[in-house]
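J.: Before I ask anything, let me first share the structure, which is written out below as structure tokens.
The values are calculated or read from the model by the stated rules, or taken from the named source; none is laboratory data. These numbers were taken from a predicted model, which means no experiment stands behind them. No Cβ is skipped: glycine too gets one built from the backbone with ideal geometry, and neighbour counts run over all protein chains shown.
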Amino acid sequence: MSLKFNVGDLTIHRAIEQETSFFPALELLPQLTPELLGENRSWLRQAGALDEEDVLILCFQSYIVRTPHHTILIDSCIGNDKQRPARPKWHMKTDDTYMRALTAAGIKPGDIDYVMCTHLHVDHVGWNTKLENGRWVPTFPKARYVFGKSEYDYWSEQNKKAEVPPFADSVLPVVEADKADIVGNDFAIGDHLRIVPTPGHTPGHVAFAFGKGKDSAVFCGDLMHTPLQTLHPELSPKFDVDPAQAAVTRRNFLERYCDTDTLCCTAHFPSPSVGKIKRKGNAFTCEAA
Ligand SMILES: [Zn+2]
């Protein structure tokens with residue numbers, strides 16, 4: 001399994017926390033019909049994206065990008081010791097899979113200069129913090145944590161109405177520790193990282209484009225969850241805050257990177273999770289790297 005990619009002057013590592021059957025396809029994608037699933041079942045199974053019970057297999061992982069100047073961690077996964085009663089596979093986890101994956105990639109928490117979140121959902125912020133003497137503290141002690149302003153503002157408002165646990169235990173403690181930078185979409189890191197606004201899944205969802213002078217790699221977060229959505233960009237998961245906008249964003253994104261050399265690094269596609277976007281009929285495929 002590929003856990004490391006080199007492109008231009010970047011090295012990209014994957015640190016996998018879980019890769020597992022997660023959502024029944026017909027439940028996650030409300031517009032998916034049994035007929036359409038039937039047409040796609042065999043290639044999805046071959047790609048490791050669908051199990052024998054038609055449950056979608058998702059990978060939960062962070063990407064760590066080394067540029068010549070910085071080490072940047074993208075999306076911090078699920079985390080340990082967190083109250084997630086609705087998700088048994090995530091609830092009060094205590095395993096060391098994630099930290100071992102970082103170690104295997106030669107990365108220590110103290111090496112991370114930036115933690116970037118494509119959005120602030122539960123499986124993208126978890127390792128922002130760890131439990132220490134009963135308190136949530138930043139896991140990556142030297143990092144600046146970069147949150148998009150519109151995403152941060154949205155969840156801040158939601159959290160005022162009723163506590164949003166991942167925001168309360170994995171975002172606010174970072175802000176309170178004075179480690180957060182709340183940024184606009186013009187934020188960049190040198191000439192190596194740019195923000196690509198990709199709203200829909202959440203209001204402030206963003207992708208991150210890396211590479212000097214061109215997009216060598218793009219990290220697209222939850223713009224899509226399963227390779228089925230490259231062939232059917234109109235299928236929006238039930239978690240998309242604005243499913244219609246998400247579908248438009250998804251198609252525009254796929255069109256932008258179609259038939260380019262850009263490595264598309266997805267949050268949740270089954271391993272290797274990384275590929276290049278190619279045109280197929282009126283839609284697209286992601287050809288595994
Ligand atoms: Zn996600």
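J.: What's the number of the condition Val175 fails, among (1) among the β-branched types (Val, Ile, Thr); (2) farther than 29 Å from Gln245 by Cα; (3) in contact (Cβ under 8 Å) with a residue 40 or more places away in the chain?
T.: Here Val175 clears every test but (3).
J.: Separate question: Using beta carbons and a limit of 6 Å, which pairs, at least six apart or on different chains, have the first residue in the range 220-238 and among the acidic types (Asp, Glu) and the second one surrounded by fewer than 24 Cβ atoms within 10 Å (Cβ to Cβ) and assigned to a helix (DSSP H, G or I)?
T.: Matching pairs, first to second residue: Glu234/Ala247.
J.: Tell me which residues, restricted to the range 107-144, are away from the ligand (no atom under 16 Å from the Cβ), among the acidic types (Asp, Glu) and in contact with a strand residue (DSSP E or B) (Cβ under 8 Å, 6 or more places away or on another chain).
T.: Asp111, Asp113
J.: Are there any pairs with C-beta distances below 9 angstrom linking a residue in the range 1-15 that is assigned to a loop (DSSP other than H, G, I, E, B) and surrounded by fewer than 19 Cβ atoms within 10 Å (Cβ to Cβ) to a residue that is modelled with pLDDT of 95 or more and among the aromatic types (Phe, Trp, Tyr), with the two at least 6 apart or on different chains, and if so which?
T.: Listed by first residue and then by second, the contacts come to Gly8/Phe210.
J.: In the range 232-289, which residue that is hydroxyl-bearing (Ser, Thr, Tyr) and not in a strand (DSSP E or B) is surrounded by the fewest Cβ atoms within 10 Å (Cβ to Cβ)?
T.: The extreme case among them is Thr260.
J.: Kindly state which helices (runs of 4 or more DSSP H) lie completely within the range 153-231 and contain at least 1 residues that are away from the ligand (no atom under 16 Å from the Cβ) and closer than 18 Å to Cys258 by Cα.
T.: Once the helices (runs of 4 or more DSSP H) in the range 153-231 are filtered for at least 1 residues that are away from the ligand (no atom under 16 Å from the Cβ) and closer than 18 Å to Cys258 by Cα, what remains is 228-231.
J.: Run Gly204 past the list (1) in contact with a helix residue (DSSP H, G or I) (Cβ under 6 Å, 6 or more places away or on another chain); (2) at pLDDT below 95 and report the number of the one that doesn't hold.
T.: The one condition Gly204 does not meet is (2).
J.: Looking at the range 73-106, which of its residues are part of a loop (DSSP other than H, G, I, E, B), touching an Asp or Glu at 6+ places or on another chain (Cβ under 7 Å) and either within 15 Å of the ligand (Cβ to nearest atom) or touching a residue at least 60 places away in the same chain (Cβ under 8 Å) (or both)?
T.: Scanning the range 73-106 gives Cys77, Ile78, Lys82.
J.: Another question about this same structure. Residues Ala162, Ala177, Ala101, Ala168: which one is within 25 Å of His70 (Cα to Cα) and either surrounded by fewer than 13 Cβ atoms within 10 Å (Cβ to Cβ) or out of contact with any Pro (no Cβ under 8 Å at 6 or more places or on another chain) (or both)?
T.: Checking each option against the conditions leaves just Ala101.
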